[in-house]
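The structure appears right after this line, and notes come after that.
The values are calculated or read from the model by the stated rules, or taken from the named source; none is laboratory data. Just so it is clear, the structure is predicted and the values come from calculations on it, not from any experiment. Virtual Cβ from ideal backbone geometry, glycine too; neighbours counted across all protein chains shown.
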Amino acid sequence: QIFRLEDYRASDYLIPQTQLTFQLSPENTLVVAELTIERRDGVAKNAPLVLDGDELTLKSIRIDGAPLSPSQYEATPDKLTIRKPPAAKKFVVSMETELNPSKNEKLMGLYRSSNVYCTQCEAEGFRRITYFLDRPDILSVYTVRIEAERSEAPLLLANGNPGETGDLANGRHYAVWEDPFPKPSYLFALVAGDLGRVGDVFVTESGRTVELGIYVEHGKEARAAYAMDALKRSMKWDEEKFGREYDLDVFNIVAVSDFNMGAMENKGLNLFNDKYVLADDETATDADFANIEAIIAHEYFHNWTGNRITCRDWFQLCLKEGLTVFRDHEFSADQRSRAVKRIAEVRTLKAHQFPEDQGPLAHPVRPRRYREINNFYTATVYEKGSEVVRMIRTILGEESFRAGMDLYFERHDGDAATIEDFLRVFEDVSGRDLSQFALWYHQAGTPNLSVASSYNATAAEFTLEIEQSVPPTPSESRKRLMHIPVAFGLVGPDGKDIAYSRVEGATVEGDIIHVRKRRHSVRFSGVSSRPAVSLNRGFSAPITLAIEQKPEGHYFLARHDSDLFSRWQSLNTLLTDELITAFRKCRGGKATNYPAELSALACDIAADEELEPAYRALALTLPGEADVAREIGTNIDPDCIFEAREALTRSIALANESRFGDLFRRLHNKGEFSPDAASAGRRALRNVLLDYLSVASGDPTFAEKEFAGATNMTDRAAALTILAHRFPGSPQALSALAAFEKRFRSDALVLDKWFQIQATVPGKNAVVTVGALMEHPAFSLTNPNRVRALVGTFATANQTGFHRADGAGYSLFADTVLAVEKRNPQIAARLATALRSWRSLEPVRQAKARETLLSIAAADNLSADLRDIVERTLA
Ligand code: ARG
Ligand code: ZN
């Protein structure tokens, strides 16, 4: 079935109140639902009431207390139809459904994870609990009563504020929760089990005290301290930056070990993949700490952007996700380093969203159609969606943007809103016309700007010729012209931006060129010398740029641009271009010599004490193999990309060995571990230097020593990666891998790192390694984290291993996708997207990839989730 945006219709009935009672038991849970149903004005009396279900068993049904006869309704696992409901405006439907949480391997609806009852309802999981109008525009006030055996589940949580609790017969007890805020069913949550608690309080700006609780497995309480700290900082930040105060008496977070996604923003009761809660220096890397901070913030920020204002329908998913990602990006930028954060965001966007936009799964930020909504929790909706909000701020300016957000909260609090509503507030506060800009929501594909420049010394005129194009995407062959805000600077010989007296050919406001037409000839007058042009500073628009710029220009900007993001961008362009040249030579059977000035540039930035260590580490981080593949676009042979990249690494390592050695020695670890950004930056720089030094010397003993002496997981994992990737099969690598496994055997989250490191060892053997690790006692096909760490990482982050020319990587992948699918179709579908760029491969691999996709498509009883991905990928 295909769902279309234009088919949206308000429902005939509303559900103003929902009362739920759960009698929990591992295999046999009874759910009693009492729904107060209200007929919408203008709807015919007795219009049929059709409620959504999914694999449900109905035990009983009554309306206003009276049982229904079989002819009055029809109940199937996925639908309940009440043929002729009462003519009264309001009536109460009471139903009993029976669930088996232990057998629920899809991890949607009510399930058990490590003996804890928990729920996941977004997008359409609530219908696996009871029959309901399971759509986000049905807002209801919930009262929930949970009953369970006290010994099994001393802790009973649901949304909202705690109410009555008490004992029942047979060692059972109950708790009531009331959520005063009307909410859509996808925000419903319940948790019951035996968990440890970390408590704290937050006093809001207006003086209300909120009880904070983070619940984790007993014994892991200390590992929740960082998440709690991040939560309090998020609450404060949202008050300061967006004027948003928290609105309930309690805010609870529960860490769950089996979870399909990262986390979920259920009202007052966020559920988290434990990977994004648990951290300490022994077990988590700096990247883990940064992710936890960002995701804790993201889910908390949803309380306003998502919960208080929700989405009218799932086509509007970016309304809450893009906006909330933007908010968490800004939060992390404020907590850490803005430039470093921005570079990380852009690297993520290019690595995940650009390939989506440029391949068969391309879709607009606000899609117009879907078959399976779970497949639209994508980098386009989330990350590009965030970039679109960022562009609105760029166009309006900080102040007007904030005024627009204030108006959004004021005007739409309690609404299920649309993208049109969102854009309207910014038009209203600024008086600007955003109709052309709105195409960013409606049109798929990554726009390209090609730019040429010329300088007329006698006239003191500098001209930019800008041309925009949007490549075609599936089912959108003709594209309309976009409004692209391009931040820029004309950089003078001293590195400062130079002034101009006048500009014609495009609207320029401050440092933004508004590109709106196909072609702009932008002429700056009164320009005293030829500038180097710095374009799309701060990545002001999510586009590709083809600038006619000689390497000298990039070298100059990489050293002198006042915008730190653009300096990195210039260096990155130089590195990428050299890698592409080397790739082409490799395809022609030739080797490359890299320019010495490129090694010198990277090293000079890395050694520049004026810059933060984290930034300097990024200067030494080469574009990934997949990044290079994306830039090349067609006829990809991953082995040649690998070789080109290896050669560049060696070239930089050998040219700078002694300077790197000096730098490394000066960065010794001192004092206690702290996860703060500055300390993390020093570790990042030190570890990237360690990698180069290992390559330059060809000697594993450096990394071996660091591994043995590591006092935190960041350094330990970095050293282990160097040993395993640079010296595969060496005694040093083997013994370090064994030592790591022995030490962390019983800690699944840490063992995931061990799986990941081995899944990404470059080359042919990885397939065998991954296959063998799937037999490891800690691996499990039912746990999403394990599947992602081992097989997901192999398929997305091991170009040479996965895309083995003989197709062995693809076979392992297809088998795994189908095995996972039987248990958890959503995870299988997500895994299957790893082949989305198959058409860019060279012919031999391309044919093998296609066969693989066809073989998956031909499997029996394919789920809607997987079929949707595979068919679109092949189309
Ligand atoms: N709303 C969650 C978040 O971004 C993601 C939940 C997605 N769940 C799903 N089943 N697709 O924070
Ligand atoms: Zn979200």
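Data for the structure
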| item | result |
| --- | --- |
| Selection count where residues are assigned to a strand (DSSP E or B) and surrounded by fewer than 19 Cβ atoms within 10 Å (Cβ to Cβ), scope the stretch 183-201 | 5 |
| Helices (runs of 4 or more DSSP H) (entirely within the stretch 290-363) containing at least 3 residues that are within 12 Å of ligand 1 (Cβ to nearest atom) and at pLDDT 95 or above | 317-335 |
| Residues within the stretch 284-305 that are closer than 30 Å to residue 183 by Cβ, among the acidic types (Asp, Glu) and away from ligand 2 (no atom under 11 Å from the Cβ), tallied | 1 |
| Top-ranked residue in the stretch 117-135 [being part of a loop (DSSP other than H, G, I, E, B) and crowded, with 24+ Cβ neighbours inside 10 Å; ranked as nearest to ligand 2 (Cβ to nearest atom)] | 122 |
| Evaluation of residue 633 against (1) crowded, with 17+ Cβ neighbours inside 10 Å; (2) out of contact with any strand residue (DSSP E or B) (no Cβ under 8 Å at 6 or more places or on another chain) (one fails), failing number | (1) |
| Tabulated pairs, the stretch 281-298, first within 12 Å of residue 234 (Cα to Cα), second charged (D, E, K, R) and modelled with pLDDT of 95 or more, C-beta under 6 angstrom, 6+ apart or interchain | 294/328; 297/328; 298/328 |
| Some residue of the stretch 773-790 being of a type in the set (Ser, Thr, Tyr), within 30 Å of residue 826 (Cα to Cα) and either surrounded by 22 or more Cβ atoms within 10 Å (Cβ to Cβ) or touching a helix residue (DSSP H, G or I) at 6+ places or on another chain (Cβ under 7 Å) (or both) | yes |
| Every residue from the stretch 532-571 that is in contact with a Lys or Arg (Cβ under 8 Å, 6 or more places away or on another chain), surrounded by fewer than 19 Cβ atoms within 10 Å (Cβ to Cβ) and not in a helix (DSSP H, G or I) | 562 |
| Odd one out for residue 226, checked against (1) crowded, with 18+ Cβ neighbours inside 10 Å; (2) more than 15 Å from ligand 1 (Cβ to nearest atom); (3) part of a loop (DSSP other than H, G, I, E, B) | (3) |
| Any pair with Cβ under 7 angstrom, 6 or more apart, that starts in the stretch 252-271 at a residue that is within 14 Å of residue 111 (Cβ to Cβ) and ends at one that is more than 16 Å from ligand 2 (Cβ to nearest atom) and among the hydroxyl-bearing types (Ser, Thr, Tyr) | 254/215; 256/113; 257/113; 257/114; 258/113 |
| The stretch 240-251: number of residues that are farther than 22 Å from residue 179 by Cβ and either touching a residue at least 24 places away in the same chain (Cβ under 8 Å) or within 16 Å of ligand 2 (Cβ to nearest atom) (or both) | 3 |
| Residues (over 23 Å from residue 536 (Cβ atoms) and within 41 Å of the chain's Cα centre (by Cα)) located in the stretch 454-476 | 474, 475, 476 |
| Test: residue 216 is of a type in the set (A, V, I, L, M) and buried (at least 23 other Cβ atoms within 10 Å of the Cβ) | yes |
| Complete set of residues in the stretch 469-514 that are assigned to a strand (DSSP E or B), aliphatic (A, V, I, L, M) and over 18 Å from residue 444 (Cα atoms) | 486, 487, 490, 491, 503, 508, 512, 513 |
| Cross-chain or 6+ apart pairs with Cβ under 7 Å, the stretch 305-330 first and under 17 Å from residue 348 (Cα atoms) and among the charged types (D, E, K, R), then within 12 Å of ligand 1 (Cβ to nearest atom) and assigned to a strand (DSSP E or B) | 327/305 |
| Filter result for the condition that a residue is free of Cβ contacts under 8 Å to residues at least 24 places away in the same chain, of a type outside the set (S, T, N, Q), more than 16 Å from residue 526 (Cβ to Cβ) and buried (at least 17 other Cβ atoms within 10 Å of the Cβ), over 506, 438, 444 | 438 |
| Any hit, the stretch 239-258, residues being over 18 Å from the mean Cα position of the chain (by Cα), of a type in the set (D, E, K, R), more than 16 Å from ligand 1 (Cβ to nearest atom) and buried (at least 18 other Cβ atoms within 10 Å of the Cβ) | yes |
| Pair list, Cβ < 8 Å and 6+ apart or interchain, from the stretch 599-624 residues that are over 16 Å from residue 560 (Cα atoms) and in contact (Cβ under 8 Å) with a residue 60 or more places away in the chain to residues that are among the hydrophobic types (A, V, I, L, M, F, W, C) and part of a loop (DSSP other than H, G, I, E, B) | 613/667 |
